[in-house]
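Reading through the structure tokens given below for one structure.
Bear in mind that the values in this text are calculations on the coordinates, not laboratory data. Values in this document were obtained by computation on a predicted structure and should not be read as measured data. Positions of Cβ are generated from backbone atoms using ideal geometry, with glycine treated the same way; all protein chains shown enter the neighbour counts.
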Amino acid sequence: MRTALIVPVRNGGQAWRRAAAAIGRQTLRPERVLVVDSQSSDGSQGVAQACGFELTSIAARDFDHGGTRQMAAELCRDAQILVYLTQDAELAEPWALECLVRAFDDPEVAVAYGRQLPRREAGPIEAHARWFNYPQDSQRRTLDDARALGLKAAFTSDSFCAYRADDLRRLGGFPSRVIVSEDMFVAAKALQAGRAVAYVAEARVYHSHAYTLAQEFRRYFDIGVLHREQSWLLEQFGRPEGEGLRFLRSEFVYLGRHAPWLLPQAALRTLVKYAGYRAGRAFERIPPAWRRHLSMQRQHWARASAGARPTGLE
């Protein structure tokens with residue numbers, strides 16, 4: 001199957017250099033590797049060109065998680081499989097890309113995503129989040145699984161994810177102006193359409209984040225905004241509180257065994273996440289001038305206030 005690999009980049013730094021090198025070591029060579037650069041100032045464009053990747057540029061103000069990925073998909077109309085990678089996701093083995101694309105041998109699979117391993121320098125809290133959300137066993141999920149898994153049935157991540165191009169087009173493509181989780185949006189639509197989502201544990205990348213408390217608040221604020229604006233996700237798949245409690249229990253057991261001195265910090269992070277999420281769910285009651293400061297996706301609010309259309313090529 002003709003495959004295109006798409007990587008949005010902005011000031012990727014050393015992480016992008018490692019990610020680009022790992023792409024070059026893959027046993028599966030995509031027909032196209034398209035880098036969409038948002039006005040990097042650190043030489044990220046040169047890294048892409050040195051690796052022989054195709055490069056296109058957009059204005060930083062025009063970047064949109066869904067809209068930019070959709071624009072890239074339209075530039076790769078000859079591809080049958082569209083693989084998305086973030087600039088800080090390093091393919092862990094040379095066969096990672098091949099393993100992910102092999103999921104589409106199943107004709108019912110519309111979306112497939114790989115396993116994310118914690119960065120080599122990750123601390124226990126950061127590492128646990130990856131072990132919890134990306135287990136060692138592969139899964140194949142359909143809408144029937146939503147009864148048991150709830151919103152988790154539609155979980156995926158564009159840090160390392162692939163889409164069957166025909167399915168993506170039939171589903172209407174990636175949404176513009178969705179604040180986060182454009183990947184979950186498409187996966188949920190695929191499940192509703194009777195298609196399957198595959199989690200491929202053998203396709204692995206190194207990718208995790210050490211968020212500060214302020215970043216945790218902002219990240220969960222954005223998730224709350226998503227669930228408020230896209231209420232159909234919760235209506236169709238259920239509320240996320242059950243999964244949150246399961247994560248909390250797992251985290252406390254993990255830290256109790258491996259890093260008990262971090263339990264107070266984990267408890268504080270939980271409170272901060274919950275406060276951010278509840279604030280996001282109530283964002284309409286927050287003055288517009290404050291929303292941008294509470295959010296990690298500040299360009300989302302700038303576009304909303306300006307009424308600008310995202311993702312235009314320069």
Fewest-first ranking of 128, 258, using other Cβ atoms within 10 Å as the exposure measure: 258, 128
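Pop out the Kirkwood hydrodynamic radius of the range 46-197 from its pairwise C-alpha distances, inverse of mean 1/r, in Å to one decimal.
On the way: mean 1/r = 0.0604 Å⁻¹.
After inverting the mean inverse Cα-Cα distance, the result is 16.6 Å.
For the residues 71, 1, 296, what sequence is obtained by ranking on other C-beta atoms within 10 Å, fewest first? Don't skip to the end; give the middle numbers.
Details: 71 22, 1 12, 296 19.
Going from least to most buried by this count: 1, 296, 71.
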Relative contact order (percent) for the range 127-196, with alpha-carbon contacts under 8 angstrom and 6 or more residues of separation? 39 percent
Any idea which of 162, 52, 192 is furthest toward the positive side of the dipole for the range 3-206, if Lys and Arg beta-carbons carry +1 and Asp and Glu beta-carbons -1? 192
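How big, on average over all directions, is the shadow cast by the Cα convex hull of the range 160-314, in nm²?
Numbers: hull surface 47.3 nm².
Dividing the Cα hull surface by four gives the mean projection, 11.8 nm².
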Which listed residue (286, 274, 259) has the Cα farthest towards the positive end of the charge dipole for the range 249-309, taking +1 on Lys and Arg C-beta and -1 on Asp and Glu C-beta about the Cα centre? 286
Sort 112-121, 286-295 by the packing proxy (mean of other Cβ within 10 Å over each peptide's residues), most packed first. 112-121, 286-295
